[in-house]
Amino acid sequence: MFKKAVFTDEVSQDLEVVLKVAEDYNLDGIEIRSLWDKPPQDLVDEVPRLKEGLKGTGLKVCSVASPFFKCDIDSEDEYKEHLDILRRCIKLAQALDCSIIRGFTFWRKGRGAEDYWQRILDKFEEPVKILEQEGMTLGIENEASTMIGTGKVLAEFLKALDHPNVKAIWDPA
């Protein structure tokens with residue numbers, strides 16, 4: 001059965017407000033995209049504060065909504081930076097008993113996946129190793145502004161990648 005959660009920053013940057021709204025609407029959890037005006041990769045030092053806020057609410061962190069691979073596929077510097085973002089988001093997720101990191105497939109260029117298919121697959125080799133080593137799952141969101149912009153292309157990508165630590169996050173919008 002589906003569980004219901006909300007993106008933190010779609011409610012507030014204040015954790016207390018987010019948790020109150022989640023409880024008022026009988027949600028099961030929250031997905032951390034940003035809090036206290038910090039992206040998830042910069043929240044590792046806030047874990048004690050996050051745990052204290054969550055304590056006693058019954059709410060869980062269902063996913064860390066990272067900006068992983070919302071970057072230029074042709075920039076080696078951005079690629080390295082995003083591997084670091086993934087590592088820091090994994091650290092945050094693990095500290096919060098969460099096993100899912102939301103990620104993407106690079107900013108769209110040209111005809112997207114059609115033009116960059118093998119390069120996208122190649123760029124996922126290192127992240128897949130990290131995910132496997134850490135026992136984490138990367139949920140790839142199909143977003144029109146990225147190389148994998150539709151559910152159909154995402155299904156094809158996941159089949160080609162063929163790795164149990166990389167799954168789909170369906171965004172129908």
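Some observations on this one:
- Positive-end residue, the chain charge dipole about Cα centroid, Cβ charges, pick of Ala65, Pro164, Leu86: Pro164
- Computed [θ] at 222 nm, deg cm²/dmol, the chain (DSSP H ≥ 4; -39,500 (n - 2.57); rounded to nearest 500): -12500 deg cm²/dmol
- Highest-fluctuation residue, Ala65, Ala93, Ala160 considered, GNM on the chain with Cα pairs under 10 Å: Ala160
- Projecting the alpha carbon convex hull of region 1-77 along each direction and taking the average yields 6.3 nm².
- Considering only trypsin sites (Lys or Arg not before Pro) in DSSP loops that have at most 15 other Cβ atoms within 10 Å, the longest stretch of the chain without any of them is 112-173.
- To the nearest ten degrees, helix 113-123 and the longest principal axis of the Cα atoms of the chain are 70 degrees apart.
- Cα-centred dipole magnitude for the chain, charges only on beta-carbon of K, R (+1) and D, E (-1), debye, nearest 20: 440
- For region 92-103, 3J(HN,Hα) per residue [Karplus equation, 6.51 cos²θ - 1.76 cosθ + 1.60, θ = phi - 60°, Hz, x = Gly/Pro]: 4, 4, 4, 5, 9, 6, 10, 10, 10, 10, 7, x
- Look at the alpha carbon pairs under 8 Å that are at least 6 residues apart: their mean separation over the length of the chain gives a relative contact order of 17 percent.
- Per-residue 3J(HN,Hα) values for region 72-86, derived from phi via the Karplus relation 6.51 cos²θ - 1.76 cosθ + 1.60 with θ = phi - 60°, read 7, 4, 8, 9, 5, 4, 5, 4, 4, 4, 6, 5, 5, 4, 4 Hz in sequence order (x marks Gly and Pro).
- Principal-axis tilt of helix 125-134 within the chain, Cα atoms, nearest 10 degrees: 30
- Where the Cα pairs of the chain fall when distances are cut into 5 Å bins, in %: 2, 9, 18, 21, 19, 15, 10, 6, 2, 0
- Long-range HN-HN contacts of Thr146 with modeled amide H, under 5 Å: Arg108
No value in this document is a laboratory result; all are computed from the given coordinates. These figures come from a predicted structure and were not determined experimentally. When we count neighbours, we look across all protein chains shown, and the Cβ atoms used for this are built from the backbone with ideal geometry, even at glycine.
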